[in-house]
Amino acid sequence: MNSQPLVLGFLAALAAALPVSSQEVNVYSTRSHYGSEPAFELFTKKTGIKVNFFMGNNNEVLERLRAEGKNSPADVMVTVDAGNLWNAAREGLLAPVESETLAKNVPAHLRDPENRWFGLAVRARTIMYSTERVKPAELSTYEGLADPKWKGRLCLRTSNSIYNQSLLAAAIERMGVPKTEEMVRGWVANAPTILDGDTTLLEAIAAGQCDVGITNSYYLARLVSEKPGFPVAPFWANQGKGGTHVNISGGGVTAHAKNRANAIRLLEFLTSAEAQATLAASSFEYPVSPQAKPHAILEKWGAFEQETVGVAATGKNQAEAVKLADRAGYR
Amino acid sequence: MSVPQIVLESVRKRFGAGAAAVDSLSLSIEPGETFALFGPSGCGKTTALRLIAGFERPDDGRIRLGGRIVADGDVDVPPEERRIGFVFQDYALFPHLTVEGNVGFGLRGVGSRDKAARIGEVLGLSRLQGLGHRFPHELSGGQQQRVAVARALAPDFPVVLLDEPLSNLDASLRGSLRAELHQILKASGKTVLLVTHDREEAFEMADRIGVMSGGRLQQVGAPEDLHRRPATEEVARLVCDACFLPARRSGHSISTEIGAFPAGAGAPAVEDVILLVREDEVSIRRDDSGEGVVENRVFRGPGHVIHVRLQSGAAIRCRRDETPDVAVGERVKVRLEPRVIVLLPRNRGA
Amino acid sequence: MPAIGKARRQNLGGFSAAAWLVAVVVAAPVLAVVWNLLTPRWEVWQHLAQTMLFELVRNTALLLLGVGLLAGVLGTSLAWLVSAHRFPGRSFFEWALVLPMAVPAYVIAFVFAGLFGYTGPVATYLRAAFGPDAFFPDVRTYPGVVVVMSLVLYPYVYLLARAGFASLGAAPFEAARSLGSRHPFWRVGFPLARPAIATGLALALMETLADFGAVSVLGYRTFTTAIYRVWFGMFDRVAAGQLAVALMLFAVVLLSFERWARGRARFVQRHGRPATEALPPLSSARALVASGFCGGVLFFAFLLPTGVLAYWTARAAVEQKLPPNFGSLLTNTLALGAAAALTTLAAALVLAYGQRLAGSRSLAWASRIAGLGYAVPGSVIAVGVLLILSGADRALGRLVERTTGVELGLVLTGSALGLVFAYLVRFVSVAFYTVEAGLESIAPSLDEAARSLGATPRRLLSRIHAPLLKGSVLTASILVLVDVMKEMPATMLIRPFGTDTLAVDVWQRTAESMWREASLPALTIVLAGLLPVILLVRLGRRGQSVLPS
């Protein structure tokens, strides 16, 4: 018998058993501690590429990348708001990626038109209401919250929050500055309680400090999973009038990535159906990939029309959104 | 002929833009001599001491120790190489070292057994036996002073400098400690230069005294000489218990308000002079036609010191063991019986 | 004999240069930020002027005023009570009232926000007891911010005022009473202790200005929060840097006020009978009120926050929500703290010795400049440090590439070095004042005594200075270490790849309203903060002047 195949087989097995040469990819991430790890572990297990994290908040990561410039060790930037991705791309910190897989996995309105960044998971920022004191029939749109009937019953997160800045930025893209400013002034006229966290806001609604507010979907999902029967429910705003504002957790390959190939592989993996379920479920977000299914709680809330204004707009209009908030007195 | 141990040649030191602290100071101290620099505060004596020790650098002049130049325009030997013991006014004991540690600090290059022996020896000499393990803050003022002296003596340097060594002590202690200090220093045989504003101290401890004022040396001499024949009014003021009377000289006699006296040898060659009037050479007696009026009576055991104001306005003091029978406000006749006539040139403008 | 004089003079020159180098290094980040001013940003300033500039100035000024008043009154009255009167628990309160210093402002802020927020236990209980419209103390208001910050900043005033009163001794008060004065505090105590009180106030207000965490959590908008908003909301780092300069102007005004209020007085150490014997004893009713007052302050400022943190930690442990990376957090924090302590100590020693040897005139400026770092907020320093380091890295990279063709990669930015640099700038004054005080207690005559006994400068340093400075060096190290442990804004911005400290962890979790998870790191910071408090108390007992004079 020819021993060649045996030798080759043995060598191949040996090669496979050998510790993989230190292939790695460096990720600058602004996702908090919860939610992201399992998907990345899956990636390492599958490809043998080690993932190194630098966690920070949006501000730091951007500042870091900017300061490090050409010498940055970052390969991938992952962040929880499209605005930040837009900004990073604008400053040339992210490089375009031509990948059929990514184009297939990520719908067009959830990625950069120039392919510099891609959505990995979707969250909706919509109206949350007290199931005990408010009927869904009373709600319709974000602008509707400016109605005087909500005076003293409205809670809003501070306009310092990037999520609200993106909400306003998308609104500017949809309605223009004057109408958006009118909406915000209307909110302010209703004397909203300004809080500094989405979870705090939801708990405030539950406790009766206010009846309605606007938060991200995953915060409510988290609370509901911990306390079944939590008396707050989401209302999909602006259905038929532009769609509910969505934002992405997304990532892009950095302009000076040293491990570019690994970076692309990581992104492709994270958007694949295999990883999407894990990624989105652990953080209670919606998957970007139309093929994957969301967590049971989210499924129960039903489908909704997503805002089609590309998420890229949120970055473009962010500075204007902040100024608008300042002018309208929205703290 | 032995080389003088400490020599200052026209040394000058100025701080900032004001007058010189030490001005053209020249001095020569013999080995084994105890010399006191005496004068009021601010006269420059401490500066002179610090210049010799090397803590200050002279602007002009030269300093020699044992014949070796230690400071002049080119040379500046640092204090740690001058081999001079220094006793500070505030003692400057090292608070983190015991008495033994302090005393032994300057003993370098000595085997530990020799070191311990020497420390023991010095402690014994300074009556500090048994206190070796104490820390400075556990000692009384007098004990601290003795440690400071012991520390300066232990390394056996040829010269010891003392900056007002007793001024930090209670007056009652001072007397006995002074005698003790004098004995220790004499027994050590070292050249001693001490600085003081206390007259008794200078008189008791020094072989020679240099009187300083305004940064300059006014007079140098043995205590008796200074006392008997002060060269200037300043010296007289500092050294003697005396007052001054203006006098006129004509030929071999001088005339004053209270009488005429022979001028004596060595009198200044001018007409206007000042006569030194020692307190214990004055006697007074009640007399309605006297030249003076009693202004004050101050008790200074065993007798009183009587302050008398003369016609011209000059003030005289009279001190006797037995108080004369006069009251304040009474007229008295003043009589002077000088043992030695001391005349000084009158150089005052006023 | 060799010419020694020139060598001695050269030595001094070297020290002088080293001290100035330290001053320049410390001033560099601030200068880098100020340099930003040269780039005009009219549009942003116009927007700010139209929308919130007035509010910012007003808010910042009001905050300083409010905290200044409340912390000042609290600190002074407590110090006066404790120094000049007798009441039950006085000797306990004397040192215990310093404890709140261990709690960073952002920690007490989030604890109180959690406790006293609408959804917190206090308000929930009040609503259950008194109905849904029951009043509850809302901490996210102006009075709330003032109270929260004053509770942890009054110890600065307290410590210094107490030292001031204690150093007066009984004599001035007895004299005043013998002359018929019935208000010894206003006529005697306060005027004499005024310089100490002013200094304590200045320190407390400096901390207020620099604070970012507490005002954010409590929703109070100041220049500091505006800096962040402009920087990250409007993507305008330059304008943010310009706002930072405006913030520093406030600090300069503060410092000038402190100098003026202090006058030309200096701390004087007086011995004699303590002031507690000088005044008539309090009636038992009044004495109880005094104890109650002290106890109340101590409760709200220290016992309550620490207790709540301990409780939350216990709950987190039970619910298995303790941060799994606590061990590495602790190690990172300690390592950074140690590195910072060493660096600042070295710099402080250079400054202090330079001042001692080369004469204070010229180097007083160097020390003053170095000391300004304490007044500059951590976030501002962080920006400056980033600017400098990235510039240096680029220059270095270019140089190396040109000479060796090797691409260097990042050396300085993102290294622990950058962070230690920022800590140096921020905390060198703490180390300096401590070391300077220690050095001042070594009389020059000790130096001269040692040298007259044959000690070379090296022996002088090792046998005399080193043992005598041990205490100050240790104190300075501990103070810097704990300050680093508490520092948050700068650490957040420039820490190395994946290195979180306890403070950063606390902040990140509270930003997500994860109070329970943040409790263990926060509790650790508070416990660590007890160390310098204990030190300060012991130093105060030994009658030494404690904080900068």
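Restricting C:GLY68, C:GLY75 to those that are in a helix (DSSP H, G or I), within 17 Å of C:GLY296 (Cα to Cα) and of a type outside the set (D, E, K, R) reduces the list to C:GLY75. Applying the criterion of at least 2 residues that are within 12 Å of chain C (Cβ to nearest Cβ) to the helices (runs of 4 or more DSSP H) found wholly in the stretch B:68-154 leaves B:99-103, B:141-153. Residue count for the stretch C:30-56, restricted to those that are assigned to a helix (DSSP H, G or I) and hydroxyl-bearing (Ser, Thr, Tyr): 1. Of the numbered criteria (1) under 15 Å from the mean Cα position of the chain (by Cα); (2) not in a loop (DSSP other than H, G, I, E, B), the one B:LYS186 fails is (1). For beta carbons closer than 8 Å, sequence separation of 6+ or different chains, a first residue in the stretch C:403-424 that is more than 13 Å from chain A (Cβ to nearest Cβ) and open to solvent by less than 40 Å² (accessible area, probe 1.4 Å) and a second that is at pLDDT 65 or above and in a loop (DSSP other than H, G, I, E, B), the qualifying pairs are C:TYR423/C:GLU487. Reported count of residues in the stretch A:207-231, each being within 12 Å of chain C (Cβ to nearest Cβ), part of a helix (DSSP H, G or I) and crowded, with 18+ Cβ neighbours inside 10 Å, is 5. Taking the stretch B:292-303 as the range and being touching a Ser or Thr at 6+ places or on another chain (Cβ under 9 Å) and open to solvent by less than 40 Å² (accessible area, probe 1.4 Å) as the test, only B:GLY303 passes. Among the residues making up the stretch C:78-105, those that are open to solvent by 10 Å² or more (accessible area, probe 1.4 Å) and outside any loop (DSSP other than H, G, I, E, B) are C:TRP80, C:LEU81, C:SER83, C:ARG90, C:SER91, C:PHE92, C:PHE93, C:GLU94, C:TRP95, C:LEU99, C:MET101, C:ALA105.
A search for C-beta distances below 6 Å between a residue of the stretch C:117-144 that is away from every other protein chain (no Cβ under 12 Å) and without any contact (Cβ under 8 Å) to a residue 24 or more places away in the chain and any residue that is open to solvent by less than 60 Å² (accessible area, probe 1.4 Å) and in a helix (DSSP H, G or I), counting only pairs 6+ apart in sequence or on different chains, returns C:VAL122/C:LEU115; C:VAL122/C:PHE116; C:PRO137/C:PHE116.
The condition (being in contact (Cβ under 8 Å) with a residue 24 or more places away in the chain and either in contact with an Asp or Glu (Cβ under 7 Å, 6 or more places away or on another chain) or assigned to a strand (DSSP E or B) (or both)) is satisfied by just one residue among B:VAL305, B:VAL298: B:VAL305.
Residues that are aliphatic (A, V, I, L, M) and under 22 Å from C:PRO155 (Cβ atoms) within the stretch C:203-239 comprise C:LEU203, C:ALA204, C:LEU205, C:MET206, C:LEU209, C:ALA210, C:ALA214, C:VAL215, C:VAL217, C:LEU218, listed in sequence order.
When you look at A:PRO234, is it within 21 Å of A:ALA319 (Cα to Cα) and more than 14 Å from chain C (Cβ to nearest Cβ), yes or no? Criteria not met by A:PRO234. When each of B:GLY104, B:GLY111, B:GLY73 is tested for being at pLDDT below 90, small (Gly, Ala, Ser) and closer than 20 Å to B:PHE157 by Cβ, the lone residue that passes is B:GLY111. Can you tell me which of B:ASP76, B:ASP90, B:ASP60 is acidic (Asp, Glu) and either open to solvent by less than 40 Å² (accessible area, probe 1.4 Å) or under 14 Å from B:LEU194 (Cα atoms) (or both)? Just a single option satisfies the conditions, and that option is B:ASP76. A count restricted to the stretch B:1-45 and to residues that are acidic (Asp, Glu) and open to solvent by less than 60 Å² (accessible area, probe 1.4 Å) stands at 2. Only one of the listed residues (C:ALA109, C:ALA123) is under 21 Å from C:TYR142 (Cβ atoms) and at pLDDT 90 or above. That residue is C:ALA109. Looking only at the stretch A:58-76, filter to residues that are in contact with a Ser or Thr (Cβ under 6 Å, 6 or more places away or on another chain) and within 24 Å of A:PHE284 (Cβ to Cβ); which one of those is farthest from the other protein chains (Cβ to nearest Cβ)? Only one residue tops the list, namely A:VAL61. Selection of the stretch C:502-531 for residues being open to solvent by less than 10 Å² (accessible area, probe 1.4 Å), of a type in the set (A, V, I, L, M) and within 18 Å of C:GLN320 (Cα to Cα) yields C:VAL506, C:ALA518, C:ALA522. Among the conditions (1) loosely packed, with under 15 Cβ neighbours inside 10 Å; (2) touching a strand residue (DSSP E or B) at 6+ places or on another chain (Cβ under 8 Å), B:LEU275 misses just one, which is (1). Just one of the listed residues (C:ALA511, C:ALA490) is at pLDDT below 85, closer than 19 Å to C:LEU336 by Cβ and within 12 Å of chain A (Cβ to nearest Cβ), namely C:ALA490.
A quick yes/no check of all residues on (1) among the aromatic types (Phe, Trp, Tyr); (2) within 22 Å of A:VAL76 (Cβ to Cβ); (3) touching a Leu at 6+ places or on another chain (Cβ under 8 Å); (4) open to solvent by 10 Å² or more (accessible area, probe 1.4 Å):
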{"position": "A:GLU268", "(1), (2), (3), (4)": "no, yes, yes, yes"}
{"position": "A:PHE284", "(1), (2), (3), (4)": "yes, no, yes, yes"}
{"position": "A:LYS300", "(1), (2), (3), (4)": "no, no, no, yes"}
{"position": "A:GLN306", "(1), (2), (3), (4)": "no, no, no, yes"}
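Please enumerate the residues belonging to the stretch A:133-159 that are among the polar types (S, T, N, Q) and surrounded by 21 or more Cβ atoms within 10 Å (Cβ to Cβ). If the condition is that a residue be among the polar types (S, T, N, Q) and surrounded by 21 or more Cβ atoms within 10 Å (Cβ to Cβ), then A:SER159 is the only one that fits.
When the stretch B:155-175 is filtered for residues that are in a loop (DSSP other than H, G, I, E, B) and among the hydroxyl-bearing types (Ser, Thr, Tyr), only B:SER167 remains. Report yes if some residue within the stretch C:284-299 is touching a Leu at 6+ places or on another chain (Cβ under 7 Å), open to solvent by 10 Å² or more (accessible area, probe 1.4 Å), under 23 Å from C:SER91 (Cα atoms) and modelled with pLDDT under 75; otherwise report no. Taking every residue of the stretch C:284-299 in turn, none turns out to be touching a Leu at 6+ places or on another chain (Cβ under 7 Å), open to solvent by 10 Å² or more (accessible area, probe 1.4 Å), under 23 Å from C:SER91 (Cα atoms) and modelled with pLDDT under 75.
Filter the stretch C:435-465 for residues that are of a type in the set (A, V, I, L, M, F, W, C) and open to solvent by 50 Å² or more (accessible area, probe 1.4 Å) and give the result. Matches in the stretch C:435-465: C:LEU461 only.
Exactly one residue out of C:LEU64, C:LEU97, C:LEU151 is touching a Leu at 6+ places or on another chain (Cβ under 6 Å), of a type in the set (A, V, I, L, M) and closer than 19 Å to C:PHE212 by Cβ, and it is C:LEU64. Restricting to the stretch A:167-190, name every residue that is within 14 Å of another protein chain (Cβ to nearest Cβ) and closer than 16 Å to A:GLY213 by Cα. The answer is A:LEU167, A:LEU168, A:VAL184, A:ARG185, A:VAL188.
Say we look at the stretch C:222-255 and pick out the residues that are in contact (Cβ under 8 Å) with a residue 60 or more places away in the chain and small (Gly, Ala, Ser); which of these is farthest from the other protein chains (Cβ to nearest Cβ)? For the stretch C:222-255, the residue satisfying everything is C:ALA251.
The values are calculated or read from the model by the stated rules, or taken from the named source; none is laboratory data. Everything numeric here is computed off the predicted structure, so don't read it as measured data. Cβ atoms come from the backbone with ideal geometry, glycine included; neighbour counts cover every protein chain shown. Accessible surface is based on the protein model in full, side chains and every heavy atom, while ligands, DNA and RNA are left aside. Shrake-Rupley method; radii C 1.70, N 1.55, O 1.52, S 1.80 Å.
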